[in-house]
1. Could you list, in sequence order, all residues of segment 87-104 that are touching a residue at least 24 places away in the same chain (Cβ under 8 Å) and of a type outside the set (A, V, I, L, M)?
2. Quick check on my filter: what residues within segment 61-97 are part of a helix (DSSP H, G or I), closer than 15 Å to Leu112 by Cα and not small (Gly, Ala, Ser)?
3. Give me the pairs, please: first residue somewhere in segment 42-57 and within 16 Å of Asp95 (Cα to Cα), second residue anywhere and part of a helix (DSSP H, G or I), beta-carbon distance under 9 Å, and either six or more positions apart or on two chains.
4. With surrounded by 11 or more Cβ atoms within 10 Å (Cβ to Cβ), assigned to a helix (DSSP H, G or I) and not charged (D, E, K, R) as the only criterion, which of Ile27, Ile58 stands out?
5. For segment 5-24, how many residues meet the condition of being assigned to a helix (DSSP H, G or I) and modelled with pLDDT under 80?
6. Of everything in segment 103-119, what is surrounded by fewer than 20 Cβ atoms within 10 Å (Cβ to Cβ) and either in contact with a Leu (Cβ under 9 Å, 6 or more places away or on another chain) or more than 13 Å from Lys52 (Cα to Cα) (or both)? Give them in sequence order.
7. I need the full set of residues from segment 86-99 which are buried (at least 19 other Cβ atoms within 10 Å of the Cβ) and modelled with pLDDT under 90, in order please.
Amino acid sequence: MNRNQIRAALAKQRGMTLIEIMVVVAIISLILGGVGVMAFNRFKDAQVDTAKNQCVTIAGAVLQYKVNKRGKCPKTLQELKASGFINQVGKDPWDKPYELKCPGEKGEVDVLSGGPDGELGTEDDISNHGADAEEES
């Protein structure tokens, strides 16, 4: 092969330019950014759903406790655990303790989580009563 043939062969094997690579990286970044935002929103929704389910579960355990103790309410979640009605005294998904009110303000038992902001008494609070009971107050 002479030099001209080598140059012609190399010209056919031309690679991608820096601009083309940057465009591909930008497109991939945009796609990953959109997926990340959607995944984070799903995670926040899952935290709220978990807190609602745990509030309902704890309220059910309190009602069982009341039946077995002839109407007496547990003072704390630790008392409920010590009696064997729940396996563990957990925290909500935001690492705050659940609040137990027995008798409750909205029902026989209120189990509350401060929600994403961690503060009780704000509009993002989560309880065992669901959205209908929270809108009545």
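1. If the condition is that a residue be touching a residue at least 24 places away in the same chain (Cβ under 8 Å) and of a type outside the set (A, V, I, L, M), then Gly90, Asp92, Pro93, Trp94, Tyr98, Cys102, Pro103 are the ones that fit.
2. If the condition is that a residue be part of a helix (DSSP H, G or I), closer than 15 Å to Leu112 by Cα and not small (Gly, Ala, Ser), then Val62, Leu77 are the ones that fit.
3. Close Cβ pairs (under 9 Å, with a partner that is part of a helix (DSSP H, G or I)) amount to Lys52/Gly130.
4. Ile58
5. 8
6. Pro103, Gly104, Glu105, Lys106, Gly107, Glu108, Asp117, Gly118, Glu119
7. Correct list: Ile86 only.
The values are calculated or read from the model by the stated rules, or taken from the named source; none is laboratory data. Note that this is a predicted model, so its numbers are computed, not measured. Reconstructed Cβ throughout: ideal geometry from the backbone, glycine too, with neighbour counts over all protein chains shown.
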